[in-house]
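Asks: Sending over a structure as structure tokens; questions will come in a sec.
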Amino acid sequence: MAHPPTPRFPLRLRRLRALLLTLLLSATAFAGTASGSPPAPSAPPCVDPEVPKSKGYDAATRHDTAFNRDFRHCFTTVRGVQMHYVVGGTGPQTMVLLHGWPESWYEYRDVMPRLLPGRTVVAIDLPGMGDSTGRPTAYTKTVLAGYVHDLLDRIGARRDVRFVAHDFGVGVTYALAAQHREQAGGLFLMDFPLVGENLSFATDVRPLSWHFSFNVQDPLAERLVTGRVGTFLDYFFRHSQISGSPQPGDDPPSPIPPRSLDEYTRVFSRPQVLRTGFGLYRTWSRDEEENKRLQRVPLTVPVRLLTQDGLTDLMLPPVRDAAPGATGTDVEGAGHWLLEERPDRVVAEVDAFYPVR
């Protein structure tokens, strides 16, 4: 008995729903923009767009005419976590940017336009952080990498992705590349001690800075910081170089501009984000064991490491445990916040490592 043809209406309805939701989000953003500028006309459309659960997601970009010309905010749920990402450009090279702690996608804001020519640029808020909403099942970097992998798969970035990562974004990027090798076309990494076979969190990393010991205190860290997020972050950014504990009376200038501090204060004032951020530290010993397992099969894609002044000798050898062909260098006179302190150098290094053909 012949079966009737499968009706096409459900697919058409889904496409119509996606189009209507995109128009709704655009209208909402348009209405909230004082300048009246429409959002991101040159950016690619969101894939399966959703209404954002984080109401303040565009607080830092709502009146940013340049941003709204080139980029748009998108939201897609992956395994119960609504992932927030920012996308711009339509070039053939797909570049994915992953942030560290205590920041968000916004740490790349100032360099993103300079990365656009020839590329599609996607800056992601890690699961449970920034304006992503919902708690991941665990805070280990292998688990977080799974969410990022699934998101990229959903939006069509399945192969040859050029990753750029800073701080804990490095840990997530390595775990993703080691588990989903076809997805990664290269890793450009910035200033992160990749624990594993020859680098231990307990003995090598934790003694380097006061915050490594503070952030693992559960639930003390949340109780002390909740309601004082801005004060804590401002202090941390001023005293975050790996040089031991702050000295009495020492109050160096912040490497982070006030507008960025305001944005990070906003996102880390979301209780789940504060919890997830500290969770990144509390799972570092588990990451170490998982990285040892992953390092048994070395990466073969190109890997480049950029570090703050004087730390290449500490950070490059463990990266080579994961990728024997990795190269690296430090940035003279720079601290940990390379994107804020040396943006020109970062862009030049990224462009040299990932040339646009």
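The values are calculated or read from the model by the stated rules, or taken from the named source; none is laboratory data. Because the structure is a prediction, the values reported are computed rather than measured. No Cβ is skipped: glycine too gets one built from the backbone with ideal geometry, and neighbour counts run over all protein chains shown. Areas reflect the complete protein model, heavy atoms only, side chains present, ligands, DNA and RNA absent. Shrake-Rupley method; radii C 1.70, N 1.55, O 1.52, S 1.80 Å.
Asks: Residue by residue through the range 325-330, what is 3J(HN,Hα) from phi via Karplus (6.51 cos²θ - 1.76 cosθ + 1.60, θ = phi - 60°)? Round to whole Hz and write x for glycine and proline.
Replies: Result, ordered by residue: x, 5, 10, x, 7, 9 Hz.
Asks: How much length, in nm to one decimal, is gained on full extension between Arg357 and Thr327, taken as 0.36 nm per residue of separation minus their Cα-Cα distance? Intermediate values should be presented prior to the final figure.
Replies: Working: separation 30, 0.36 × 30 = 10.80 nm, distance 2.19 nm.
Roughly 8.6 nm would be gained on extension.
Asks: Apply the Karplus parameterisation 6.51 cos²θ - 1.76 cosθ + 1.60, with θ equal to phi minus 60°, to every residue of the range 287-298 and state each ³J(HN,Hα) to the nearest whole Hz, in sequence, with x for glycine and proline.
Replies: Per residue, the Karplus-derived 3J(HN,Hα) values read 4, 4, 5, 5, 5, 4, 5, 5, 5, 5, 10, x Hz.
Asks: Sort Glu341, Glu349 by heavy-atom solvent-accessible area, probe 1.4 angstrom, most to least.
Replies: Glu341, Glu349
Asks: Could I ask something else about it? Search the structure for amide H atoms under 5 Å from the amide H of Glu50, placed 1.01 Å from N in the peptide plane, and list their residues when 5 or more places away or on another chain.
Replies: For Glu50, the qualifying residues are Phe75.
Asks: Pick from Lys292, Lys55, Lys141: which residue has the top mean-square fluctuation in a GNM of the chain where Cα pairs under 10 Å get a spring?
Replies: Lys55
Asks: Sticking with this structure for a sec: Please list 3J(HN,Hα) in residue order for the range 212-221, calculated via the Karplus relation 6.51 cos²θ - 1.76 cosθ + 1.60 where θ = phi - 60°; whole Hz, with x for glycine and proline.
Replies: Couplings: 4, 7, 5, 5, 7, 6, 10, x, 4, 4 Hz.
Asks: Provide the descending list of Cα extents for the range 61-140 along its principal axes, expressed in whole angstroms.
Replies: Result, largest extent first: 37, 29, 21 Å.
Asks: Further question on the same structure: Out of Ala43, Ala138, Ala323, any idea which swings most in a Gaussian network model of the chain, alpha carbons joined below 10 Å?
Replies: Ala138
Asks: Report the full-extension gain for the segment Ala138 to Arg114: residue separation times 0.36 nm, less the Cα-Cα distance, to one decimal in nm.
Replies: Here the segment from Ala138 to Arg114 would lengthen by 5.2 nm.
Asks: For the range 175-332, what does the relative contact order come out to in percent, with C-alpha contacts under 8 Å and a separation of six or more?
Replies: 36 percent
Asks: Whole number in Å², please: accessible area per residue of the range 176-333, 1.4 Å probe, ligands, DNA and RNA not counted.
Replies: Spelled out: the 1.4 Å probe surface of the range 176-333, per residue, equals 44 Å².
Asks: Mind giving me the nanometre distance, one decimal, between the label points for Ala59 and Thr300, set 7 Å out from Cα along Cα→Cβ?
Replies: Computed distance between label sites Ala59 and Thr300 equals 4.7 nm.
Asks: Next up: Of all the accessible heavy-atom surface of the range 109-225, with the other protein chains kept in place and a 1.4 Å probe, what percent is carbon and sulfur?
Replies: 49 percent
Asks: Highest first, please rank the peptides 109-117, 270-278 by the mean number of other Cβ atoms sitting within 10 Å of their residues.
Replies: Final packing ranking: 270-278, 109-117.
Asks: How far apart, in nm, are the 7 Å Cα→Cβ label points at Arg79 and Thr265?
Replies: Here the modelled spin labels are 3.5 nm apart.
Asks: How far is it, in nm, from the label point at Glu50 to the one at Ser285 when both lie 7 Å from their Cα along the line to the Cβ?
Replies: Label-label distance for Glu50 and Ser285, simple model: 3.4 nm.
Asks: Expressed as a whole percent, how much of the Cα-Cα distance distribution for the range 261-315 exceeds 18 Å? Kindly include the intermediate steps, with their values, before the conclusion.
Replies: Working: 951 of 1485 pairs.
In whole percent, the share of Cα-Cα pairs in the range 261-315 beyond 18 Å is 64.
Asks: Related question: Please get the size of the charge dipole for the chain, origin at its Cα centre, with Cβ charges of +1 on Lys and Arg and -1 on Asp and Glu, quoted in debye to the nearest 20.
Replies: That gives the chain a dipole magnitude of about 1760 debye.
Asks: Please tell me the relative contact order of the range 88-146 in percent, rounded to the nearest whole number, where contacts are Cα pairs under 8 Å and at least six residues apart. The partial results should precede the final answer.
Replies: Values: 82 pairs, mean separation 21.0, N = 59.
Reported relative contact order: 36 percent.
Asks: Using only alpha carbon pairs under 8 Å that are at least six residues apart, calculate the relative contact order of the chain and give it in whole percent.
Replies: On the way: 633 pairs, mean separation 54.4, N = 357.
Reported as a whole number, the value is 15 percent.
Asks: Full-extension gain between Leu220 and Asp234, please, as 0.36 nm times their residue separation minus the C-alpha to C-alpha distance. Could the numbers behind the result be given before it?
Replies: Working: separation 14, 0.36 × 14 = 5.04 nm, distance 1.90 nm.
Taking Leu220 through Asp234 to full extension adds about 3.1 nm, to one decimal.
Asks: Something else about it: Quick check: convex hull over the Cα atoms of the chain, volume per residue in Å³, rounded to an integer?
Replies: Values: hull volume 57.3 nm³, N = 357.
Enclosed volume per residue, from the Cα hull, is 161 Å³.
Asks: Now a separate question. Roughly how big is the range 253-328's charge dipole about its Cα centre, with Cβ charges of +1 (Lys, Arg) and -1 (Asp, Glu), in debye to the nearest 20?
Replies: The dipole magnitude comes to about 300 debye.
Asks: Could you state the principal axis extents of the C-alpha atoms in the range 135-178, from the largest down, to the nearest angstrom?
Replies: So the three principal-axis extents are 25, 21, 16 Å.
Asks: Enter the angle in degrees (range 0 to 90, nearest 10) between the Cα long axis of helix 258-268 and the first principal axis of the Cα atoms of the chain, meaning the one along which they spread out most.
Replies: Roughly 80 degrees between the two axes.
Asks: Identify, among Phe201, Tyr235, Leu294, the residue whose Cα sits farthest towards the positive end of the charge dipole of the range 197-313, taking +1 on the Cβ of Lys and Arg and -1 on the Cβ of Asp and Glu, with the dipole about the Cα centre.
Replies: So the residue furthest toward the plus end is Leu294.
Asks: Still on this model: So how do 190-203, 94-107, 223-236 stack up, highest first, on mean other-Cβ count within 10 Å?
Replies: Details: 190-203: 19.6, 94-107: 25.2, 223-236: 15.6.
My ranking of the peptides, most packed first, is 94-107, 190-203, 223-236.
Asks: Next question, about the same structure. Largest first and in whole Å, what are the equivalent-ellipsoid semi-axes of the range 235-357 based on the Cα gyration tensor, each being the root of 5 times an eigenvalue?
Replies: The answer is 28, 21, 17 Å, longest axis first.
Asks: Count charges around Pro317 for me, please; just the other residues with Cβ under 12 Å from its Cβ, Lys/Arg as +1, Asp/Glu as -1.
Replies: Values: positive: Arg320; negative: Glu197, Asp204, Asp313, Asp321.
Every neighbour counted, the sum reads -3.
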